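Report on the following structure.
Readers should treat all values here as calculations from the given coordinates under stated rules, not as data from a laboratory. All of these numbers come straight from a predicted model, not from anything done at the bench. Note that each Cβ is placed from the backbone with ideal geometry, even for glycine, and that neighbours are counted across all protein chains shown.
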Amino acid sequence: MQRTLVLIKPDGVKRRLIGEIIARIERKGYEVVALKTMRADRAILEQHYGEHKGKPFYEPLLEFMLSGPIVAMVVEGQRVIEGFRSIAGATDPTVAAPGSIRGDLARDQGTKVVQNLVHGSDSEESAAREMGIFFPELR
Ligand code: DAT
Ligand code: MG
């Protein structure tokens, strides 16, 4: 069994899409094993998005993630890391496949950082690292 860290970003919370997004995760058959609404702080986001430091969208990304509450979840299932990224869709919501969260529910807003509703870990290594950041109590 595998676990992944999923975030509903501030755009998803503001647009009242928490239920819609969780429903898609559950309908796919994955289990939400931990969940909380929170406000991220800069220190948490610097750890979480460390791989993007120095990229042109890094500061806008941190500002966006600080702009409102987020929902953090640990989601469990066979191959859930790959599976959640598939139901989330491509990073760029303009071309994310219809049927995916980003493809159905997000679009380019003309902002410096892409606002695409959700984050999902991209490997077992990042899942372990990111779950440690957002759910230290589960360690
Ligand atoms: P993903 O969230 O699909 O794993 P990522 O890890 O490459 O994508 O980037 C993190 C977030 O940063 C992404 O969800 C949206 C934003 N982003 C990525 N590439 C971008 C770009 N070229 N321009 C603007 N924002 C970008
Ligand atoms: Mg990523």
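Things to note:
- Length released on extending from Ser123 to Glu26, taking residue separation times 0.36 nm less the Cα-Cα span: 32.8 nm
- What you get for the stretch 2-138, charging only the Cβ of Lys and Arg (+1) and of Asp and Glu (-1), is a dipole of about 380 debye around the Cα centre.
- Estimated inter-spin distance, Ser67 and Arg39, nm [label 7 Å along Cα→Cβ]: 1.6
- Relative contact order of the stretch 2-138, pairs being alpha-carbon contacts under 8 Å that are 6 or more residues apart, as %: 36
- Trypsin sites (Lys or Arg not before Pro) within the stretch 32-70, DSSP loop, no more than 16 other Cβ atoms inside 10 Å: Arg39, Lys53
- When the alpha carbon gyration tensor of the chain is reduced to an equivalent ellipsoid, the three semi-axes, largest first, read 20, 19, 14 Å.
- Globularity index of the stretch 8-55, i.e. its alpha-carbon radius of gyration over 2.2 N^0.38 Å: 1.42
- Between Arg16 and Glu46, the distance separating the two model label sites (each 7 Å from Cα on the Cα→Cβ line) works out to 3.7 nm.
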